[in-house]
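Here's the structure, in structure tokens; my notes come after.
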Amino acid sequence: MATEPRTLPGEEPTIGRLIKDAQTDLSTIMRKEIQLAKSELKVSVTAGGVGAGLIAAAGFLLVLAVIMLSVAIAYFINWNGQGLDLHWAFLIVFAFYVLLAGLLVFLAIRSFKKVKAPERAIEQGSKIPRALKGQA
């Protein structure tokens with residue numbers, strides 16, 4: 001895009017003209033930067049969406065695998081009728097998963113209790129209005 005001269009040859013630009021030109025240039029730069037950011041973000045969001053979809057598919061397949069493993073463990077405990085009865089074998093597998101879930105909930109609650117508010121950021125944020133008023 002060709003730019004036209006802003007002043008005539010040999011003419012000195014005025015301060016007002018320089019300020020207007022600077023504002024125009026800054027506005028153009030900002031618009032171009034926003035366009036660039038949008039195009040980069042579009043590529044990133046697309047790649048992120050594909051990645052999230054693939055992770056979801058892998059998670060679904062993993063859930064199916066755990067179900068199959070659970071059935072296999074129950075049949076292993078039964079061992080073709082030589083071990084425990086099949087209903088007890090499935091109950092043992094069920095109890096194992098309930099205990100594992102309970103342990104995970106316990107660990108999650110312990111972890112949640114460690115969460116604190118961002119105290120230093122809140123303190124700094126509360127000082128900003130006074131600093132803007134010149135009351136450091």
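Mind checking which residues of region 107-127 are of a type in the set (D, E, K, R) and outside any helix (DSSP H, G or I)?
Hits for region 107-127 are Lys113, Lys114, Lys116.
Taking the numbered list (1) surrounded by 11 or more Cβ atoms within 10 Å (Cβ to Cβ); (2) modelled with pLDDT of 90 or more; (3) among the charged types (D, E, K, R); (4) within 30 Å of the chain's Cα centre (by Cα) in turn, Arg110 passes all entries but (1).
So, Gly81, is that one assigned to a loop (DSSP other than H, G, I, E, B), without any contact (Cβ under 8 Å) to a residue 60 or more places away in the chain and loosely packed, with under 10 Cβ neighbours inside 10 Å or not? Break it down stepwise before answering.
On the way: assigned to a loop (DSSP other than H, G, I, E, B): yes; without any contact (Cβ under 8 Å) to a residue 60 or more places away in the chain: yes; loosely packed, with under 10 Cβ neighbours inside 10 Å: yes.
Here the answer is yes, as Gly81 does meet what is asked.
Going through (1) more than 23 Å from the chain's Cα centre (by Cα); (2) surrounded by 10 or more Cβ atoms within 10 Å (Cβ to Cβ) one by one, Gly16 falls short only on (2).
Filtering region 84-106 to residues that are outside any helix (DSSP H, G or I) and surrounded by 13 or more Cβ atoms within 10 Å (Cβ to Cβ) leaves only Leu84. Within the bounds of region 116-130, is there any residue that is surrounded by 10 or more Cβ atoms within 10 Å (Cβ to Cβ), free of Cβ contacts under 8 Å to residues at least 60 places away in the same chain and small (Gly, Ala, Ser)? Yes, some residue in region 116-130 is surrounded by 10 or more Cβ atoms within 10 Å (Cβ to Cβ), free of Cβ contacts under 8 Å to residues at least 60 places away in the same chain and small (Gly, Ala, Ser).
The values are calculated or read from the model by the stated rules, or taken from the named source; none is laboratory data. Predicted model, so just to flag it, every value in this text is computed and none were measured. Please note: Cβ atoms are built from the backbone with ideal geometry, for glycine as well, and neighbour counts cover all protein chains shown.
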